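First the structure, in the form of structure tokens, and then the observations on it.
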Amino acid sequence: MRIRRLSAVFWATCIIAFIFILYVVTDLSFKLPSIKPVVVDVDNKWTSFESKLLHLEKELNEHHAVVGEIKTAVEQIVEKSHDVYVQPKRLRTPKRENKIREFKVVGDEPPKMRIKLNASTCPINQATFKTDIQMLSMYERIMFDDKDGGVWKQGWEIEYKDEQWNQKNKLKVFIVPHSHNDPGWIKTFENYYKTQTKAIFTNMMEKLIEGIGRKFIWAEISYLSLWWNSDATDKEKSIFQSLLKSGQLEIVTGGWVMNDEANSHWISIIQQLTTGHQWLMDQFGYIPKNAWSIDPFGYSSAQPYLLKLAGFENSVIQRVHYRVKKELALNRQLEFKWRQLWDGNGKTDMFTHLMPFYSYDIPHSCGPDPKICCQFDFKRLPGNGVTCPWGIAPRKIIQKNVAERAFLILDQWRKKAQLYRSNVLMFPLGDDFRYDRANEWDNQYQNYEAIIDYINNKDSWNAEVQFGTLEDYFKAVHEEVKMSDFPVLSGDFFTYADRNQHYWSGYYTSRPFYKNMDRVLMAYVRAAEIITGQACSSQAVNYIMSLQLRDRVEHARRALALFQHHDGVTGTSRDEVREDYAKKMLQAIKYSQSAIQQAAYYLLKQPAILEQTQEDIYFDVDDIWRKHDEIPSRITIALDAMSPSRRLVFYNALAFRRQEIVTVLVSTPHVEVFDPEGNPIMAQVSPVVSGERRLGFAANKFQLSFPVTVDPLALTVYSVSLRDSMSINKYTSFSKVRIYNADYWNVDLPKMFAVEQPTERLAEDVTFRAGDSTRVVTNMNGLIKAIVPPGGATVPVHMDFAHYDSQRALDNNSGAYLFIPSGPAEPFVPEPYPELVVTEGPFKATLYTALVSPKTAEVMLAISVHNNPSLPQGEVEISNTFLIDPQADDYELAMRFSTGIKNGDVFYTDLNGMQMIKRRYFDKLPLQANFYPLPAAAYIQDEHARLTLLTSTPLGFAALQPGQIEVMQDRRLTRDDNRGVNQGVLDNVRTRHTFKLIVEHAVPCQRPSSRAVSGQLSLGAHVSQQLLQQPLLRLHHAADENTPRPSYSRSIVNAADIVLASFNAHVTAKDKEGRSMHGMGVTLQRVHLDSCYGNKSIVTSYPLGDGQIRLSDMLDVSSERVFDSSLTWVRARDALPDGVITLCPMEIRSVFLNQTLKRV
């Protein structure tokens, strides 16, 4: 028996030795230099080598080690071979520490690859920014006259010569049938579907296959998804897929909606595009190529950049100022390459077709004369209930009239062709909710088929006409004209006017409560998808739970996507539709909160929860939305002897470490705060000031303010505990309280608050600050008069409110869309001696005042400064809670700041929160034309200082005087403005906006050229903007203070110029061979910052990156599975070496994380 055992040991040793020799020979013979280092965990050498031996055949190429280390390990195995055999343990990934990792380089392997970013190749660093058309320059150059152009009212009499065309150079006309379906406007999304859109799809499946050559385009995926999932039969689905495959039907843009471009944030635009594109990919494997945006009220240059990144090649737009259209048409520049303001080499160019006439309807699409074109809208044939306002009805095409009718429309087509550079013409054939009846399909297609046959057989007319899609049209254009022959345009198309002085700047502000709700939901969806993505990628949740989280986030994402519709976030729908949107967003916020708290619970490794009331609710999200039209409230942390402590979990969805002063509500002032290590920290307790028309102190409720630091993409736990009121208080301070113009108050605050309550009326300025932070000086009404940054000079900033009235002439008044003021703004005059309360402490100081003007408006104003050493800048937070009085008639409220900054007529606003654009005030334009969208930020500057305004809510903005900025707050309008909604704006609710006003002094730098047409925020302003738009998420729960304090911190990337826009845990892509892949998607942006203003020391707290991100340093992903991709992840391209993404300044980039072969 002993001999047999020794024999077994001997042969086992020989086999092991043979395998070892084979391994070494193979390793030395075929080993290539690797870009990946080996991390040697000394404590696990034994386990590691055992695992290598057992899995050698499968994992040979995954392990490298020093030959000497292997020999030593083998000797240990041989020496211990007589021991009891132990089943090898499965390797566990060591817990990631939030510090820079050190790599031990083994053998001749280099450290992890670092791709050197050649900044000189970045578009923003190219030598020239010259374009053929610069929109700001055009505005400076042209006179905005409104001459009567004849049949083309806003143009001129177009002429042409018959000899322009011949048999070798024919006019090619593509008739593009379409139906514009608003996902909510006069009816709700669902009601439109039931009454019209469903019938459009049903008829489409029947009628498109009846005739040869029939084509159609479709844009809104929200409707397609609803039809496909609820009503489409198997036969209809088969026909639809066949039409799509054959090219008879083209999906254009493919977004969930046709998004607004003034108020929408670029992250929300991506969300709605992705929602549509992923649905198309999952259902059909279909990827749209051409964009169609015919109804948004003005166009942002951020949109073509996003479309370019999404893989689009061409785009169509329509609603541009009529005088700008005329200018472009005069120079045959209606088709152009739309370039980003910061692009010096054309990498971002998007080929764009601009429709030339008043509208996208048929009367304004076939040519310059709407009276003639209307006769070719065959839905208006007598008996169909729709007529031509020009008095001449369409006629059915028959053999007797086909020659005359065909020549009449060909003449219009020829005239329209004079405005473009090619002999290829597009004629859009459609309008809102068209083709919902079978007879319209018959009337349009059959009559046009007769015209097409006649013209195509008339050789002397030298024309070819056919039904087509955008793909057909653009293919023909590019075959005829080289891309280099089209002009380059930069800039945007705001503010839009369709006729007269009717500028569409009112919708920048309409229904501001819901615009603010949009931004709240955007932050929630972004945080929800990121944290659930982290939970899935780290395998903190199982597969079933990951799908449950996915469904909740997708529900929220679709509600956000729907509201990006150009009658949603714009505030231009009817009251019942606006209410429907709001209820959907409220539900989406709750879905997001549910997903966030559940993902957080599992990322924290399921900490013990006391007082849990619901099975899948672990944490309470400190943001309580009770109603869809009511400002949310905060949780008051109730502490008593039975429940003496509460834990606060903070989640940071940003890609950099955030340091800020947090304020929560507590039921008692006798509290103290503990940091993540359990150590007590300094905190401040203040009374809660509340009220609407009158101020007062809330009973049994106090503000608790303290500094927190949360790593990027991390969860950190602080705690608040009840303190023995008799014990010595070392850490919690109590604010000083000043009360003005309220000597009649009976103040009943706990005695630890030092209260100052003068009996006389306030007759002087008020000053306050928090610790060593910014000092604010206000006037007797509590409005800012001056700001004193930390260690800086006093900067006069005079704050006031003003209001506009509306003109009241026939068809010339303000409404949901239009802003047509009766004249300059009038001062808002509140009642004298308003109640003022000031609370001051080491971390936060706030002035509260209630400004009430009877029968007009009431404003509850809170002006705060925070002592945040990481952001030493002159920053003031302004919270306006207001309500326009129901008795007010045509009342528009604005907030203004006047300074001594010598900016002349130049100011800067942002485009969709993505970039800053230079603008000018023009005297030659009416007041309403000088208002622009303010989605996120604006500033004015001179060589000495800059004043920046950041907003939580997209609103209208202007700089009407040198040194002055103005931002609209709300509007109440009694009249319809004749743009289709058929009502005024009378559903005002109490609304709250939060602004950050930042004063920055100039510092030595290399200033950009005065000809530059773009701008950038400073680092400090950018950080503040990110903190405002993506608030720190606060989750509360009860826990035993003796239990460990969990945390989750995975990312070691800490770069303030990197924006993690999206992390979607469930996406589908096609690889280069067309194969479907499943995985995750990540979208990142690198911002470009202005170094000429602000405090240089901010960079020590908020460091900048070098443009290179190893994704595995940020998220739980495998570097080998990272692929470059299109923006919405539907196209996966080449694998990124070592999973490293390089980003130029201003660049947005998406990557796809392939998990097709990976089973969770």
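Between residue 608 and residue 643, 0.36 nm times their residue separation minus their Cα-Cα distance comes to what?
Numbers: separation 35, 0.36 × 35 = 12.60 nm, distance 1.53 nm.
Answer, rounded to one decimal: 11.1 nm.
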Residues 432, 369 arranged by fewest to most Cβ contacts within 10 Å
432, 369
Strictly over 26 Å apart at the Cα level, which of 187/289; 337/996; 207/371; 130/308; 147/187; 736/996 would you flag in this model?
187/289; 337/996; 207/371; 147/187
Relative contact order of the chain (C-alpha contacts under 8 Å, at least 6 apart) in percent is 12
Using amide H atoms built 1.01 Å from N in the peptide plane, name the residues 5+ places from residue 696, or on other chains, whose amide H lies under 5 Å from its own.
690
Any aspartates and glutamates with Cα under 14 Å of the residue 584 Cα? List them, leaving off those in the same chain fewer than 8 positions away.
190, 518, 554, 576, 629
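Let me have the relative contact order for the stretch 1058-1154, percent, based on Cα pairs under 8 Å that are six or more residues apart.
With pairs under 8 Å counted, the relative contact order is 34 percent.
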Using alpha carbon centers only, the stretch 824-903 is separated from the stretch 141-158 by a whole-angstrom value of 45
Which aspartates and glutamates have a Cα less than 19 Å from the Cα of residue 475, not counting those fewer than 8 places away in the same chain?
250, 313, 335, 349, 464, 485
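Summing Lys, Arg as +1 and Asp, Glu as -1, what charge do residues with Cβ under 10 Å from the Cβ of residue 622 carry, residue 622 excluded?
0
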So which aspartates and glutamates pass the test for residue 902, namely a Cα distance under 15 Å, with those fewer than 8 places away in the same chain ruled out?
942, 943, 1000
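Using Cβ counts within 10 Å as a stand-in for footprinting exposure, how do 402, 664, 1122 rank, fewest first?
Working: 402 16, 664 22, 1122 26.
So the residues, fewest neighbours to most, are 402, 664, 1122.
Can you put 778, 948, 881 in order of Cβ neighbours within 10 angstrom, beginning with the fewest? Walk me through the numbers before you get to the answer.
Numbers: 778 21, 948 28, 881 18.
Ranked by crowding around the Cβ, least crowded first: 881, 778, 948.
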Could you tell me the center-to-center distance, by alpha carbons, between the stretch 470-549 and the stretch 1074-1118 in angstrom?
20
The answer for residue 733, listing residues at least 5 apart or on another chain whose modeled amide H is closer than 5 Å to its amide H, is 683, 684, 685
Taking R0 as 41 Å and r as the Cβ-Cβ distance between residue 148 and residue 456, the FRET efficiency 1/(1 + (r/R0)^6), rounded to the nearest 0.05, comes to 0.65
What's the Cα-based Rg to Rh of the stretch 746-882, Rh via Kirkwood?
1.07
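A 27 angstrom limit on the alpha carbon distance is what I want to check against. Which of 170/245; 325/515; 627/701; 153/379 exceed it? Show your work: numbers first, answer last.
Working: 170/245 29 Å; 325/515 30 Å; 627/701 22 Å; 153/379 24 Å.
Beyond 27 Å: 170/245; 325/515.
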Post the alpha-carbon centroid distance, the stretch 231-298 to the stretch 719-781, in whole angstrom.
56
Amide H contacts of residue 173 (H built 1.01 Å from N, under 5 Å, at least 5 apart or other chain)
425, 464, 465, 466
Could you tell me which label, among (1) -0.85, -1.50; (2) -0.73, -1.35; (3) -0.92, -1.35, carries the value of log10 I(q)/I(0) by the Debye sum over Cα atoms at q = 0.07, 0.10 Å⁻¹ calculated for this structure?
(2)
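Considering Cα pairs under 8 angstrom that are at least six residues apart, work out the relative contact order of the stretch 510-631 and quote it in whole percent.
Working: 119 pairs, mean separation 41.1, N = 122.
In percent, rounded to a whole number, it is 34.
With runs of 4+ DSSP H residues as the only contributors, calculate the mean residue ellipticity of the chain at 222 nm using -39,500 (n - 2.57) per run, divided by the residue total and rounded to the nearest 500. Walk me through the numbers before you get to the answer.
Working: 21 runs with 277 residues, N = 1160.
Computed mean residue ellipticity for the chain: -7500 deg cm²/dmol.
All of the numbers you see were taken from the coordinates with simple rules; none came from a lab. This structure is a prediction, so every number in the text was calculated from the model and none was measured. Counting neighbours? That spans all protein chains shown, and the Cβs are built from the backbone with ideal geometry, glycine included.
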